[in-house]
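Worksheet: the structure to be examined is printed underneath.
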Amino acid sequence: MESLTFDLERTTVRELNQFLHKPANELEGLKLTVAAPNGAHNLAVGVDAPVQVTIAGHAGYYAGGMNQHATIEIDGSAGTGVAENMMSGKVHVKGFASNGAGASAHGGLLVIDGDAGLRCGISLKGGDIVVGGSVGSFSAFMAQAGRMVICGDAGDALGDSLYEAVLYVRGEVKSLGADAQYEPMAQADLDAVRALLAAAGMDHDPASFKRIASARTLYHWNADANQEY
Amino acid sequence: MCGIVGLLVKTPALRERLGVLMVPMLIGMTERGPDSAGLAVFGKPVDASQRKLSLYAGFTEEGARFAWQPLVEALNAVMDVTARVDSKGNHAVLTVQGDIEGVKTWLREHYPKLYQLSSGRSIDLYKDVGSPSQVAGRYDFANLKGSHLVGHTRMATESAVTPDRAHPFTAGDDFCLVHNGSLSNAHGVRRKLEPQGIHFDTDNDTEAACRFLEWRLREGDTLPVALQRGFEELDGFYTFLMGTSTELALIRDPFACKPAVVAENDDYVAIASEFRSLAHLPDIKNAKVFEPAPEEMYVWKA
């Protein structure tokens, strides 16, 4: 299997990304390391091939955004919008992630070993997110489909205006957002959490998680509510 | 946008290299703030009876050719303040002894176009329009020494691109603040402060936050109490980095709309809007890197 290193002290992010945008059949099976990322933005954005990318350090904004098929590992922290709008594949952040991690991801798996900032999984559209630490406020805001497993705590307004995404939280939730509610863990939930934790390489008892989903009271306009929800 | 940088060194040897370490941090934030730049550096305090005034002559006709020595001679002729000056083009640090408020009033009367950037025992302040690398070169930032500093690169959104609207802002002695974000109630805050005799230099929103917090400190609040009142009183988006003669302090608004990253090891605490500006610091690989939480106070002692 071919392996390559792009050293960002010597080459540009544009050259890296243009290389990663070559036709999938030319890249298939490639292992690529990004050396000296030094917090650069837009690393490995828009990859559409089954490649393995290792970012050897801290990444800036939007790392692994729009990913399809690739496995992208960040050996450090990630800035705003990591794996934003991911379609498939996997993005694994070994450190912490800043705001908006996995925003509007349609598919794939985002794993964050450390904490995630605010608005993690905002407008999630079908992707899965596993956070080893805690998530900040307004996470899963308007999340439409997909699952989030949060091994630590959640901030304020978790799952505000939630649609059909399902959230599993092991720690404390500071507050739930409008229309989000706790629901009992069924066997299917335990299986889902077990499988997601295994995919993320984390080891917790699935029974220690609480399920949060939409009460669906905001789905239809209620003229009698008088704008009070 | 706007970029923020801060650096506090923990060992005496690094105080000599404060400027060298900081310049790449400031230039690293050029994309976030290309129109102006500035910084406040805190060094060994002068004697308690003395004050340092950072002065900017860019608004005078002479500009970079401003005649600083005649100013000092004229001042010493009329006031017993043993004034001395250390100048660099349009910028000077004037050190005086005795009636400091009298000196400030005399400067305003006799040199109305000379802008008073800062006042205190340990603060020196530089700010000007231009790219961060231009401003750093103009004032030889690489040679600055001290224990800690607060820097800023500006992309103006709230008021015009002029040297006095660049950051850091100061109020009182040995206090400065830089801001990434925008305040929605800056005029309201200003309307509360002005009737108490607090004078504003510009129409910039950040100046309101700076003067509000300095007013609270002057009224006797500790820094944490003043910052808590800031959370209650200031509405908008902000990451604030503040400097006093002995501390750096950082807060972010409850929505954490504006970024900040901190790297800390045994030698330094470094703060920047983005990791890009920290990446080239010595031994950064072994520093503890973290993102400050919203609505939390972070205070580091020099």
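What does the convex hull of the Cα atoms come to per residue for region A:101-218, in Å³?
Convex hull volume per residue, Cα atoms: 75 Å³.
Based on the alpha-carbon gyration tensor of region B:48-121, what equivalent-ellipsoid semi-axes (square roots of 5 times the eigenvalues) come out, in whole Å, largest first?
The answer is 18, 12, 11 Å, longest axis first.
Relative to the first principal axis of the alpha-carbon coordinates of chain B, what is the inclination of helix B:205-218, with its axis defined by its Cα atoms, in degrees from 0 to 90 and to the nearest 10?
80 degrees
Taking Cα atoms, how many degrees apart are the long axis of helix A:187-200 and the longest axis of chain A, rounded to 10 and kept between 0 and 90?
Around 20 degrees separate the two axes.
Please report the relative contact order for chain A, taking Cα pairs under 8 Å with a sequence separation of at least 6, and give it as a percent rounded to a whole number.
Relative contact order of chain A: 10 percent.
Hey, with R₀ at 41 Å, roughly what FRET efficiency would residue A:21 and residue B:267 work out to, going by the Cβ-Cβ distance, to 0.05?
0.50
Quick one: A:219, B:298, fewest Cβ neighbours within 10 Å first, how do they rank?
Ranking A:219, B:298 by Cβ neighbours within 10 Å, fewest first, gives A:219, B:298.
Taking chain A as a Gaussian network, Cα atoms linked when under 10 Å apart, which of A:199, A:213, A:105 shows the biggest mean-square fluctuation?
A:199
Please give the net charge around residue B:4, taking every other residue with its beta carbon less than 14 angstrom from that of residue B:4, where Lys and Arg add +1 and Asp and Glu add -1.
That sum, taken over residues with Cβ under 14 Å, equals +2.
Suppose we take every Cα in chain A and form the convex hull; what volume per residue is that in Å³?
Normalising the Cα hull of chain A by residue number yields 116 Å³.
Take the alpha-carbon positions of the protein assembly as shown, form their convex hull, and give its projected area averaged over all directions (one quarter of the hull surface) in nm².
So the mean shadow area of the Cα hull is 28.1 nm².
Taking each residue in A:156-166, count the Cβ atoms of any other chain within 10 Å of its Cβ, then average. What number comes out?
Across the residues of A:156-166, the mean count of other-chain Cβ atoms within 10 Å is 0.
Pop the C-beta distance of residue B:246 and residue A:35 into the FRET formula with R0 = 35 Å and round what comes out to the nearest 0.05.
0.30
Could you pull out the pairs from B:258/B:288; B:104/B:145; A:22/A:125; A:31/A:94 whose alpha carbons sit more than 24 Å apart here?
B:104/B:145; A:22/A:125, as the Cα separations exceed 24 Å there.
Calculate, in nm to one decimal, what residue B:78 and residue B:219 gain on full extension: separation in residues at 0.36 nm each, minus their alpha carbon distance.
This chain segment gains 47.4 nm when fully extended.
Over chain B, how many percent of alpha carbon pairs lie in each 10 Å bin up to the one with the longest distance?
7, 30, 37, 22, 5, 0
For labels at residue B:142 and residue A:223 in the simple 7 Å Cα→Cβ model, what's the distance in nm?
7.3 nm
What order do you get for A:53, B:161, A:131 when you list them from fewest to most C-beta neighbours inside 10 Å?
B:161, A:53, A:131
Compute the helix-to-body angle for B:223-233: its Cα long axis versus the longest principal axis of chain B, expressed 0 to 90° and rounded to tens.
Here the helix axis deviates by roughly 80 degrees.
Quick one: compute the contact order of region B:175-239, relative version, from alpha carbon pairs under 8 angstrom and 6+ residues apart, as a percent.
Relative contact order of region B:175-239: 53 percent.
Suppose R0 equals 41 Å. What FRET efficiency, 1/(1 + (r/R0)^6) with r the Cβ-Cβ distance, do residue A:202 and residue B:64 give to the nearest 0.05?
0.10
For chain B, what is the charge dipole size about the Cα centre, in debye to the nearest 20, if Lys and Arg each add +1 at the Cβ and Asp and Glu each add -1 at the Cβ?
460 debye
Taking region A:1-98, how much of its Cα-Cα pair set, in percent, is spaced more than 22 angstrom apart?
15 percent
No lab work stands behind these numbers, since they all come straight from the coordinates. Keep in mind the model is a prediction, meaning the values are calculated, not measured. As a convention, Cβ positions derive from the backbone with ideal geometry for all residues, glycine included, and neighbour counts pool all protein chains shown.
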